[in-house]
Amino acid sequence: MVQGMALSPDEFYAHAIAASDAEHRLPLAKMTYWDIFPFDEDGLKVAPLRPPEVPEKPRNGQGGVDCSSCERSDKGIWLNDEWRLTRVEGVGVPLVLMLQTRTHFDLADLPDELASQLGRLTVRIARAVEDIPHIARCHVYRIGDGGAHMHVWFFGRPEGQSQLYGSLLPVWDDLLPDYPEDIADADARTVAATLLASFGGQLTNAVL
């Protein structure tokens with residue numbers, strides 16, 4: 001490895017494996033001891049670190065080909081010409097929403113005008129979610145490893161549940177029983193109505 005050079009995929013793997021045990025399991029993270037961590041330390045093991053795969057597998061909709069998000073571009077609880085907002089079903093926290101462009105872009109490909117709109121929409125959605133009385137905070141996530149179509153997640157953390165605080169909220173969401181759909185639907189429509197008032201468009205009945 002040359003001093004000052006970025007690590008190649010194989011070098012990164014070798015660097016990480018050097019800190020692992022004989023089964024290529026890294027030590028438990030510091031977050032294991034956070035009081036918001038959803039699992040007990042006893043019996044917990046880190047999965048073995050797998051070697052790198054290069055080139056990586058293509059994401060759904062890579063290059064706009066066979067994109068499931070494009071196929072649903074007219075679905076959402078709120079739509080305008082450029083954007084759609086959907087409510088994600090089968091979640092454990094009070095509300096999970098997803099904002100997507102209707103035309104195929106990834107986040108790094110957004111034209112300046114859409115990037116500007118994304119900022120305003122993100123603030124307006126987060127504000128509307130946090131105005132819901134039983135939601136304490138709106139978490140905003142952009143990951144993008146699974147799909148190449150630009151999408152931003154909005155997770156509503158339930159009021160009073162400080163153990164669900166922070167970056168582990170999506171893990172808790174996966175563990176919790178499904179939140180009542182009728183309440184989530186009503187709250188999502190409140191958020192959608194806020195977007196309608198500010199950005200125009202239309203309200204529909206679709207969820208994700």
Hey, can you tell me all the residues within region 135-178 that are of a type in the set (A, V, I, L, M), in a strand (DSSP E or B) and out of contact with any Lys or Arg (no Cβ under 7 Å at 6 or more places or on another chain)? VAL140
If ILE143 meets every condition in (1) over 18 Å from the mean Cα position of the chain (by Cα); (2) under 30 Å from PRO55 (Cβ atoms) apart from one, which number is that one? (1)
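Run down GLY166, GLY147, GLY160 and say which single residue is in contact (Cβ under 8 Å) with a residue 60 or more places away in the chain, more than 18 Å from ILE125 (Cβ to Cβ) and surrounded by fewer than 17 Cβ atoms within 10 Å (Cβ to Cβ). Steps first, answer last, please.
On the way: GLY147 fails: surrounded by fewer than 17 Cβ atoms within 10 Å (Cβ to Cβ); GLY160 fails: in contact (Cβ under 8 Å) with a residue 60 or more places away in the chain.
When all the criteria are applied, what remains is GLY166.
Which members of region 11-32 meet the condition of being surrounded by 12 or more Cβ atoms within 10 Å (Cβ to Cβ), of a type outside the set (Val, Ile, Thr), in a helix (DSSP H, G or I) and in contact (Cβ under 8 Å) with a residue 24 or more places away in the chain?
Initial filter on region 11-32 (surrounded by 12 or more Cβ atoms within 10 Å (Cβ to Cβ)): 11-14, 16-17, 20-21, 24-26, 28, 32.
When the remaining residues are screened for being of a type outside the set (Val, Ile, Thr), the result is 11-14, 16, 20-21, 24-26, 28.
Keeping just the survivors that are in a helix (DSSP H, G or I) gives 11-14, 16.
Scanning region 11-32 gives PHE12, TYR13, ALA16.
Does ARG189 meet the test of being in a strand (DSSP E or B) and touching a residue at least 12 places away in the same chain (Cβ under 8 Å)? Show your work before the answer.
Numbers: in a strand (DSSP E or B): no; touching a residue at least 12 places away in the same chain (Cβ under 8 Å): yes.
Criteria not met by ARG189.
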Pairs needed: first member in region 197-208, at pLDDT below 75 and aliphatic (A, V, I, L, M); second member anywhere, exposed (fewer than 14 other Cβ atoms within 10 Å of the Cβ) and not in a strand (DSSP E or B); C-beta distance under 7 Å; at least 6 residues apart or different chains. VAL207/GLU89; LEU208/GLU89
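Of the residues GLY76, GLY92, GLY119, which is part of a loop (DSSP other than H, G, I, E, B) and out of contact with any Ser or Thr (no Cβ under 6 Å at 6 or more places or on another chain)?
GLY92
Could we say that ASP35 is in contact with a strand residue (DSSP E or B) (Cβ under 8 Å, 6 or more places away or on another chain) and either of a type in the set (Asp, Glu) or at negative phi (or both) here?
Numbers: in contact with a strand residue (DSSP E or B) (Cβ under 8 Å, 6 or more places away or on another chain): no; either of a type in the set (Asp, Glu) or at negative phi (or both): yes.
Answer is no for this residue.
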Selection within region 61-105 - touching a Gly at 6+ places or on another chain (Cβ under 7 Å) and farther than 20 Å from ALA193 by Cβ: GLY61, CYS67, SER68, SER69, CYS70, VAL93, HIS104
Residues (more than 27 Å from GLN163 (Cβ to Cβ) and basic (Lys, Arg)) located in region 1-50: ARG50
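When only residues in region 49-99 that are of a type in the set (A, V, I, L, M) and touching a Pro at 6+ places or on another chain (Cβ under 7 Å) count, which is surrounded by the fewest Cβ atoms within 10 Å (Cβ to Cβ)?
As a first pass, look at region 49-99 and keep what is of a type in the set (A, V, I, L, M): 49, 54, 65, 77, 79, 85, 88, 91, 93, 95-99.
From what's left, touching a Pro at 6+ places or on another chain (Cβ under 7 Å): 54, 93.
On the way: VAL54: 8, VAL93: 21.
Only one residue fits best here, namely VAL54.
Provide a single number: the residues in region 124-134 that are surrounded by 19 or more Cβ atoms within 10 Å (Cβ to Cβ) and outside any loop (DSSP other than H, G, I, E, B).
Taking region 124-134 first, the residues surrounded by 19 or more Cβ atoms within 10 Å (Cβ to Cβ) are 125, 128-129, 132.
Checking which are outside any loop (DSSP other than H, G, I, E, B) leaves us with 125, 128-129.
Number satisfying all stated conditions: 3.
The values are calculated or read from the model by the stated rules, or taken from the named source; none is laboratory data. These numbers come from a predicted model, not from an experiment. All Cβ positions, even for glycine, are placed from backbone atoms using ideal geometry, and neighbour counts span all protein chains on display.
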